[in-house]
1. Please state which one of Arg385, Arg408 is open to solvent by 50 Å² or more (accessible area, probe 1.4 Å) and closer than 26 Å to Met252 by Cβ.
2. Report yes if Ala305 is open to solvent by 30 Å² or more (accessible area, probe 1.4 Å) and among the small types (Gly, Ala, Ser), otherwise no.
3. Does Asp454 fit the bill of being modelled with pLDDT of 90 or more, over 22 Å from Val230 (Cα atoms) and acidic (Asp, Glu)?
4. Mind listing just one residue for me: the one in the stretch 321-338 that is touching a Lys or Arg at 6+ places or on another chain (Cβ under 8 Å) and open to solvent by 10 Å² or more (accessible area, probe 1.4 Å) and, of those, nearest to Cys377 (Cα to Cα)?
5. Looking only at the stretch 475-513, how many residues end up being of a type in the set (S, T, N, Q) and within 11 Å of Asp410 (Cβ to Cβ)?
6. All but one of (1) under 30 Å from Asp508 (Cα atoms); (2) over 20 Å from the mean Cα position of the chain (by Cα) hold for Lys269; which doesn't?
7. Would you point out the residue of the stretch 512-532, among those that are open to solvent by 60 Å² or more (accessible area, probe 1.4 Å) and outside any helix (DSSP H, G or I), that is modelled with the lowest pLDDT?
8. Which one of Gly324, Gly316 is at pLDDT 95 or above, small (Gly, Ala, Ser), touching a Gly at 6+ places or on another chain (Cβ under 6 Å) and within 16 Å of Ile272 (Cβ to Cβ)?
Amino acid sequence: MVRMLTKVKTATLTGVEGRVVTVETDLRRGLPSLTIVGLADTTIRESCDRIRPAIMNSGEAFPDGRVTVNLVPAGRRKEGSHFDLPIAVGIMALAQSESGKGREGERGSGCGFCGEDPVRADTAFLGELSLDGTVNRVNGALPLAMGLRAAGVKRIVVPAANAREVSVLTDVDILPVDDLRQAADIAFYGADIAAGTDAMTKAAKTFGRTADVNLDFSQVIGQSTARRAVVIGAAGNHGLLMIGGPGCGKTMIARRIPTIMPGLTYGEKLEITGIYSVAGLLSEEFPVVEERPFRSPHHTISTAALIGGGARPRPGELSLAHRGVLFLDEMGEFDSRAIDAMRQPVEDGYVRINRSMEEVVFPSKVMLVAAANPCKCGNLWDENRVCTCTEGQLRSYRRKLTGPFADRIDMHVKMAPVTGLDVTGAGGGERTSSARMREDVERAAAIQRERYKDTVYDSNGDLDESGIAKFCVTGAGAAGLLAKACDSIGLTMRARGKLLKVSRTIADLDGSEDIKEEHVAEALMYRTVSAD
């Protein structure tokens, strides 16, 4: 019995989520042709012109007749050059079933010739083909593999250039291939997977990017209040706005924040690496993201580049900073529309992009850090310089620093210029290393992990209204101080909630189960700064 239909598993991307796709390949009598259906994009439709020469140049047979490829489910859009390899494998399986012979007259080890599917149901294929049969690197390999793993796939054939990236999945067999002949060996000729496993073991020895050892908080002179605010922010994942004149150390402090943040968990590494894989920012040299991201977009960035989007939605800077730091330097210079577009994603922890036929969600749990001058010229607070801004410029600038978006940033810190006494050490300022600051952060983070282990929250900064009511209970003294502050400085309900979350983190840093009056008092220091 000649089998005229084969099925091969692969996956497609929806945002940063991989979803299983079955490549059905059918052969019928008629003039030779290759047709692909199932809402395939242009890249997949063009694969018709790549796959035929790739198969023939690899010494494999191409079937005679009408070949139809259906991508199931047919009602969901698919895109990506990684469909080349599974389609080619399905076509080669048809050719073997048609002739009963494999490569150079060999009989394949699969059962395609007796009516059973020659390709194992627990094996999936990902890869782009060159005309000579070479299997090229693809973007999004890790989230694609994660989607296949969730669907029960046990073996995944991937391009050798993606092998180190995908091998972070330790509970599936990753089979790297360099060309179509090796893929055929695995699919039809019973190739031993040990060679692939050995390759993965060798590749895994050099995972990840090492941290920049040149960045350390011991290099920061003075600014003790800002350094304390950074510890609180890193410990509870709270946003931070630093306002100060040029050269006072705002950017220097921001770039060192990742050095004191807790280490990434295995799940967080998968999330971040998956996002960078989809964005095409991984390489063979650095296939896995091992450190928390730090993204610092220029203030001329477009809204789509900042939050994500495009005709084919791709993650923006907000998602590329997921589980790390998004630094908005010179926040007052950013376009107001781009800033306003960030309000909901920063609050929710994800970006939702709607298109006519689909909805794409990108994660965006970030520690938002912004820096700004007190005015456009930067001299407003400097006693030794004259501010040259007009009243209209001041009003426009202040709206960005005190408006709805700034209200969503948990802590505001005023930074003064570093004095000569600070530089010489005569001012009594203490320098603290990143390692020492990280100890405090990790201790507070451990308390939060234990507190929220059976909840939907990861940190104090993630708490919503119900979480604040449950976990941010204050004593009589703290409650009284909070009530007075709300009346005197006119805190919004959102600002009040953020004040309680920051107070909760300060209490965790002190090892206190209760939020005390002194914790609320310190948190209030970071809500009373304005650009006046």
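1. Working: Arg408 fails: open to solvent by 50 Å² or more (accessible area, probe 1.4 Å).
Every option except Arg385 fails the conditions.
2. Details: open to solvent by 30 Å² or more (accessible area, probe 1.4 Å): yes; among the small types (Gly, Ala, Ser): yes.
Against the criterion (open to solvent by 30 Å² or more (accessible area, probe 1.4 Å) and among the small types (Gly, Ala, Ser)), Ala305 qualifies.
3. Values: modelled with pLDDT of 90 or more: yes; over 22 Å from Val230 (Cα atoms): yes; acidic (Asp, Glu): yes.
Spelling it out, Asp454 is indeed modelled with pLDDT of 90 or more, over 22 Å from Val230 (Cα atoms) and acidic (Asp, Glu).
4. Quick first cut of the stretch 321-338, residues touching a Lys or Arg at 6+ places or on another chain (Cβ under 8 Å) only: 321-327, 329, 331-332, 334, 336.
Remaining after also requiring open to solvent by 10 Å² or more (accessible area, probe 1.4 Å): 323, 329, 336.
Working: Arg323: 33, Asp329: 15, Ser336: 18 Å.
By that ranking, first place goes to Asp329.
5. Within the stretch 475-513, the first condition is being of a type in the set (S, T, N, Q), and the residues that meet it are 488, 492, 503, 505, 512.
From the residues that got through so far, the ones that are within 11 Å of Asp410 (Cβ to Cβ) too are 503, 505.
Final tally of qualifying residues: 2.
6. (2)
7. Quick first cut of the stretch 512-532, residues open to solvent by 60 Å² or more (accessible area, probe 1.4 Å) only: 513-514, 516-518, 525, 528, 532.
Those still in the list that are outside any helix (DSSP H, G or I) too: 513-514, 516, 528, 532.
Working: Glu513: 93, Asp514: 92, Lys516: 94, Thr528: 67, Asp532: 51.
Ranking the qualifying residues of the stretch 512-532, first place goes to Asp532.
8. On the way: Gly324 fails: touching a Gly at 6+ places or on another chain (Cβ under 6 Å).
Answer to the check: Gly316.
The values are calculated or read from the model by the stated rules, or taken from the named source; none is laboratory data. Being a predicted model, the structure only gives us computed values, none of them experimental. Don't worry about glycine lacking a Cβ; one is built from the backbone with ideal geometry, like all the others, and counts go over all protein chains shown. Keep in mind that these areas ignore ligands, DNA and RNA; they rest on the heavy atoms of the full protein, side chains included. Shrake-Rupley method; radii C 1.70, N 1.55, O 1.52, S 1.80 Å.
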